[in-house]
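Have a look at the structure below before the remarks.
The values are calculated or read from the model by the stated rules, or taken from the named source; none is laboratory data. Fair warning: this is a prediction, and the values are worked out from it, not measured in the lab. Counting neighbours? That spans all protein chains shown, and the Cβs are built from the backbone with ideal geometry, glycine included.
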Amino acid sequence: MLFETVCGSLSLATNLLLDSTLMASVLSTMAMPVIGVSTLLSAKLASGESLAKAQRRFFACLLVITIVTLRTVIVCDDAWIFHMSTLALMIVGALIIPDHDASVAV
């Protein structure tokens, strides 16, 4: 009886651990595009004193997403296509989307 109770508790703990790992994977897959696009838009819409801070935040986020994408591709994780498309969107979006303040490019 005690053995069955312990085994039942272990299987419940294992299921919770696997569920939390799956949830973390899903959140990682969903969070990367949202964070990437939000930092891209904040960098493009910022002006004045907040522009430099928004651009630093964008480049930091770009660096983090690049490292996470490399790790995802090396490990052959299922979310590699989402991370790769987020990285591509951030790079291409930084070049295509015009800045709010046109004098920055001068």
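Considering each of 83, 100 in turn, give the residue that is at pLDDT below 90, part of a helix (DSSP H, G or I) and touching a Ser or Thr at 6+ places or on another chain (Cβ under 9 Å).
That would be 83, the only listed residue that is at pLDDT below 90, part of a helix (DSSP H, G or I) and touching a Ser or Thr at 6+ places or on another chain (Cβ under 9 Å).
Of the residues that sit in the stretch 46-58 and are at pLDDT 90 or above and surrounded by 14 or more Cβ atoms within 10 Å (Cβ to Cβ), which one is nearest to residue 88 (Cα to Cα)?
The selected residue is 58.
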